[in-house]
2 protein chains.
Amino acid sequence: MRAQPQVTTPHIQCEDCPILHRAVCAKCETDELQELDALKYYRTVPAGHTVVWSGDEMDFVASIVSGIATLTQTMEDGRTQMVGLLLPSDFVGRPGRSEAAFDVTATTDVTLCCFRKKTFEEMMMRTPRIGQRLLEMTLDELDAAREWMLLLGRKTAREKIATLLAIIVRRDASLRLMGKDGPLEFDLPLTREAMADYLGLTLETVSRQISALRKSGVIELKGKRHITIPDLDRLLEETGDDADGGMFA
Amino acid sequence: MRAQPQVTTPHIQCEDCPILHRAVCAKCETDELQELDALKYYRTVPAGHTVVWSGDEMDFVASIVSGIATLTQTMEDGRTQMVGLLLPSDFVGRPGRSEAAFDVTATTDVTLCCFRKKTFEEMMMRTPRIGQRLLEMTLDELDAAREWMLLLGRKTAREKIATLLAIIVRRDASLRLMGKDGPLEFDLPLTREAMADYLGLTLETVSRQISALRKSGVIELKGKRHITIPDLDRLLEETGDDADGGMFA
DNA sequence: CTTCCTACTTGATCCGGATCAAGGTCCGAA
DNA sequence: TTCGGACCTTGATCCGGATCAAGTAGGAAG
């Protein structure tokens, strides 16, 4: 199958399908973009369902178009640790590996833009830029994972919660292209339990610390999920991170 | 397991310089190997000294030839978390990034095989295979970082120590190409404090748990650093990991 | 409306690992 | 040889977060 060049502006597919945007569009190589575009297919996974289990054969790679998924690891006795939070535009899968290393679970309804792994690998061979972008993205993920190691190993429960909220605000704000002024607000995309699994805490501790931050006036909440940040700097102070190095630099 | 291509000559450089071995030699492209080989230079860093500070301009990439280095992150109040342990053949640096994201410190005397970053990036452009190998290596590191997140977030102190010992045994054994039979022994390459920073513990807890493992007969120690593992399976049971999935699969 | 269920909150208690403190051991320098 | 310092061990106590337990809020189905 071949692409029908029925495109006026190459960016339409980019908007449509983040994987193309992030892996290819750095220099917007239109021809390759169209070739790849023709091979994509979509897949939706309902909230709560698992996309792949750790150890499963995984014959595709994908990028999140909408919704939220998690990467988790579980020990035999049930202890669970989330090792990644996948938001729209994030990449799933490993060119060069056939087995999934972690469980991927949809937290909300998720739409994936997929490519058969083999197809994608061939594309990578022919288009070095894709591999380079993927390397860049992977290096970023590695940095993020290492930042998270500091959080898991050394931060207090309160700092962990504040850091998570700060990260969600930032990702949220960057998606909505908002400035830092005005009261920031958003809905928590995770249950207390999912937050606990991400932060290496129990759900009770998460609940208590959120209440504590509310009582201190660092955050306000309407209902159980809707959070308002009256003063971002106030929240950032609670994260334990360097004032404006690191996360928001 | 990966097949080792049996070639007579070009491997001399490989032995010499792990970065060539790991980044280029998967298919042993001799010409490129020699071209790259001509551009390398060596650098040695004495034990205890810092190779680069987080945030520093870093105009080279390197691979560890000998010795042990650590990747660490420190909060303003001094809390420290090691986020990576760099052993011979590991890669240091980020093509495409100019600033170091973490502190790199030599734990023992370290010899690095370096390339100017620009040189290496040009080489990557011309030789897609290098980028592909680097992507593969980075994905492996990402998996390792995520495994470590489970350790930091969910494992007990005893499990953490056992896991660290198991990892050291494995890396050590693979370097020496030993089988799993006979008593395994090695010298700890880290101080109690460095282990604590790696595991998200205090040095006192590390010391106590090592004593506890000794009293249980899981390990034996001569002096403070030399460890013997009388029964590897015994140690593996203590790690909390799946019997023979995961780490030793 | 009631019922049920899931997600969440809050309280009481417990415990693993942190913290504080006091040695011990080994090694290199004077 | 003694001294000082880095590294390690062990004991006593403390505390943050886990665990156990009870109850609340709110949405969906009947």
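The values are calculated or read from the model by the stated rules, or taken from the named source; none is laboratory data. As the structure is a computational prediction, the values presented were derived from the model and not from experiment. Cβ: placed from backbone, ideal geometry, glycine included. Neighbour counts: every protein chain shown. SASA here: full protein model, heavy atoms, side chains in, ligands and nucleic acids out. Shrake-Rupley method; radii C 1.70, N 1.55, O 1.52, S 1.80 Å.
Does a label point 7 Å from the Cα of B:Trp53, set along Cα-to-beta-carbon, have any residues of region B:67-94 with amide nitrogen under 18 Å, and which are they? Within reach of a label on B:Trp53, which here means backbone N under 18 Å from a point 7 Å along Cα→Cβ, region B:67-94 contributes B:70-81.
Put A:Lys40, A:Lys215, A:Lys222 in order of accessible area, highest first, and with a 1.4 Å probe you get A:Lys215, A:Lys222, A:Lys40.
Ignoring ligands, DNA and RNA, what percent of the accessible area of region A:40-107 is carbon or sulfur (1.4 Å)?
On the way: 1370 of 2690 Å².
Ligands and nucleic acids excluded, carbon and sulfur reach 51 percent.
Each other copy holds its own label point for B:Glu57; taking that point as 7 Å from Cα along Cα to Cβ, the gaps run 5.3 nm, nearest first. Values of log10 I(q)/I(0) for region A:63-172 across q = 0.18 Å⁻¹ run -1.10, by the Debye formula with one identical scatterer at each alpha carbon and no solvent.
Copy-to-copy label distances for A:Ser98, where each label lies 7 Å from Cα along Cα-to-Cβ, are 4.4 nm in order of increasing length. Comment: the Cα-to-Cβ extended label point of B:Asp77, at 7 Å, lies 2.9 nm from its counterparts in the other copies, nearest first. Residues of region B:144-159 buried by at least 50 Å² of accessible area upon assembly of all protein chains, compared with the chain on its own (1.4 Å probe): B:Arg146, B:Met149, B:Leu150, B:Leu152, B:Arg154. Checking the Cα-Cα distances for A:Lys155/B:Lys155; A:Lys160/A:Lys215; A:Lys155/B:Lys215; B:Lys40/B:Lys118; A:Lys117/B:Lys117; B:Lys160/B:Lys224 against a 22 Å cut-off, the pairs over it are A:Lys155/B:Lys215; A:Lys117/B:Lys117.
On the protein heavy atoms, probe 1.4 angstrom, tell me the percent of accessible surface of region A:134-230 carried by carbon and sulfur.
51 percent
At 7 Å along the Cα-to-beta-carbon direction for both B:Arg225 and A:Glu99, put a label point, then send me their distance in nm to one decimal. Output for this residue pair reads 3.6 nm. Computed with a 1.4 Å probe on the full set of protein chains, the accessible area for B:Trp53 sits at about 140 Å². What is the extension gain from B:Thr108 to B:Met75, computed as 0.36 nm multiplied by their sequence separation minus the C-alpha to C-alpha distance, in nm to one decimal? Stretched fully, the B:Thr108-B:Met75 segment lengthens by 9.5 nm. In region A:47-79, what residues drop by 40 Å² or more in accessible surface going from the chain by itself to the full protein assembly, probe 1.4 Å? SASA drop of 40 Å² or more in region A:47-79: A:Gln73, A:Met75, A:Glu76, A:Arg79.
Please give the total accessible area that chains A and B bury against each other, computed with a 1.4 Å probe and expressed in Å² to the nearest 100. Write down the numbers at each step before the final one.
Values: alone 13780 and 13980 Å², together 23420 Å².
By this definition, chains A and B bury close to 4300 Å².
With all protein chains in place and ligands, DNA and RNA left out, the 1.4 Å accessible area ranks A:Arg208, B:Arg234 as A:Arg208, B:Arg234, largest first.
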